[in-house]
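**Student:** My structure is below; once you've seen it, I'll send some questions.
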Amino acid sequence: MKTALITGANKGIGFETARQLLERNFKVILTARNEKRGLQAVDKLNKYGSNIEFLLLDVEDEESIKNAAGDFNKLEIKLDVIINNAGILLDNESINTTNYEIIFKTLKINTIGPILVIQNFLPYLNDYGRIINVSSGLGLFSEMSDFAPVYSISKAALNAVTKQFSFSLAEKNISINSVSPGWVKTDMGGPNAVRPVEKVQKQLSG
Ligand SMILES: NC(=O)c1ccc[n+]([C@@H]2O[C@H](COP(=O)([O-])OP(=O)(O)OC[C@H]3O[C@@H](n4cnc5c(N)ncnc54)[C@H](OP(=O)(O)O)[C@@H]3O)[C@@H](O)[C@H]2O)c1
């Protein structure tokens, strides 16, 4: 049985990824920044498989990431997959005026958080394991527009994070990829998004 850890898995793409991995007989370590929302998600997922554990993990908070890694250590298991899924999109105005708090928070959650998650969980990742960073088409220079500029910057930087770890992880044969799920109907994607969340796995595994 393979084990996957997912950040920000209490709803949206992270939740659906957890559900589909349970259906494929993975053990899932569902993490969320809010205990109540995380445990509610675990309750909903129990019908898809009982191999699920909850860890409190706020990717914005280094202490929380370290505590989650410590709690994972107590489970005495190893990981095969880490999915850096947690993300926010807060900015809806020109880069000329976006305020510091939005810039800093977005980079902390979308870019720095994944680095710290990888660093702290790497000791528990099997050789030949996989890391998936959930990025966005908006992080590609070829697709970037002036929509959500700070979010776009954070995802372009996340792609650079992926590239940098690909060098450092090569000798352990750990693969790392950025994936773009497309425009998905979630709280972030909104109701007009073209892809239902159930279809996202096809994109992530494609
Ligand atoms: N939906 C799209 O069209 C789309 C397109 C391209 C890329 N993506 C990417 O896909 C990923 C998932 O997005 P989504 O559409 O599923 O969004 P979503 O429905 O808004 O879910 C985002 C998840 O991230 C969690 N999160 C936010 N900040 C966190 C933090 N500091 N620590 C831990 N968890 C945190 C949220 O938890 P709370 O419930 O506690 O807020 C929630 O579980 C994101 O990285 C996003 O950038 C989405």
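The values are calculated or read from the model by the stated rules, or taken from the named source; none is laboratory data. Owing to the predicted nature of the structure, the values given are computational and were not obtained by experimental measurement. No Cβ is skipped: glycine too gets one built from the backbone with ideal geometry, and neighbour counts run over all protein chains shown. Just so you know, the surface numbers come from the protein's heavy atoms only, side chains and all, with ligands and any DNA or RNA stripped out. Shrake-Rupley method; radii C 1.70, N 1.55, O 1.52, S 1.80 Å.
**Student:** Of the accessible area of the chain, with the probe set at 1.4 angstrom, what percent is carbon plus sulfur? Each step should come with its number before you reach the end.
**Tutor:** Numbers: 5410 of 10640 Å².
Reported share for carbon and sulfur atoms: 51 percent.
**Student:** Now for a separate question. Quick one: what are the phi-derived ³J(HN,Hα) couplings along the range 50-57, Karplus 6.51/-1.76/1.60 with θ = phi - 60°, whole Hz, x for glycine and proline?
**Tutor:** Those phi angles translate into 8, 7, 9, 10, 10, 10, 6, 8 Hz.
**Student:** Next question. Would you calculate the convex hull of the Cα atoms in the chain and tell me its volume per residue in Å³? Spell out each step's value before the answer.
**Tutor:** Details: hull volume 24.9 nm³, N = 206.
In the chain, the Cα convex hull volume per residue is 121 Å³.
**Student:** Calculate one ³J(HN,Hα) per residue across the range 125-132 by plugging θ = phi - 60° into the Karplus curve 6.51 cos²θ - 1.76 cosθ + 1.60, and present them in order as whole Hz with x for glycine and proline.
**Tutor:** Residue by residue, the range 125-132 yields 8, 4, 4, 6, x, 10, 10, 10 Hz.
**Student:** Now for a separate question. When the helices in the chain are scored as -39500 (n - 2.57) per DSSP H run of 4 or longer and the sum is shared across all residues, what 222 nm value do you end up with, to the nearest 500 deg cm²/dmol?
**Tutor:** Numbers: 7 runs with 80 residues, N = 206.
Result for the chain: -12000 deg cm²/dmol, rounded to the nearest 500.
**Student:** Before I look further, what does the chain give for accessible area per residue, probe 1.4 Å, in whole square angstrom?
**Tutor:** Numbers: 10640 Å² over 206 residues.
Roughly 52 Å² per residue, with all protein chains present.
**Student:** Now for a separate question. Per-residue HN-Hα couplings for the range 93-103, Karplus 6.51 cos²θ - 1.76 cosθ + 1.60 at θ = phi - 60°, whole Hz, x for Gly and Pro?
**Tutor:** 9, 5, 4, 4, 10, 4, 7, 4, 4, 5, 4
**Student:** With +1 on each Lys and Arg Cβ and -1 on each Asp and Glu Cβ, and nothing else charged, work out how big the dipole of the chain is about its Cα centre, in Debye to the nearest 20. Walk me through the numbers before you get to the answer.
**Tutor:** Details: 23 positive and 22 negative charges, 138 e Å.
Charge dipole, the chain, about its Cα centre: 660 debye, nearest 20.
**Student:** Taking every Cα atom in the range 106-190, find the radius of gyration and the maximum pairwise distance Dmax, and write them in Å.
**Tutor:** 13.6, 41
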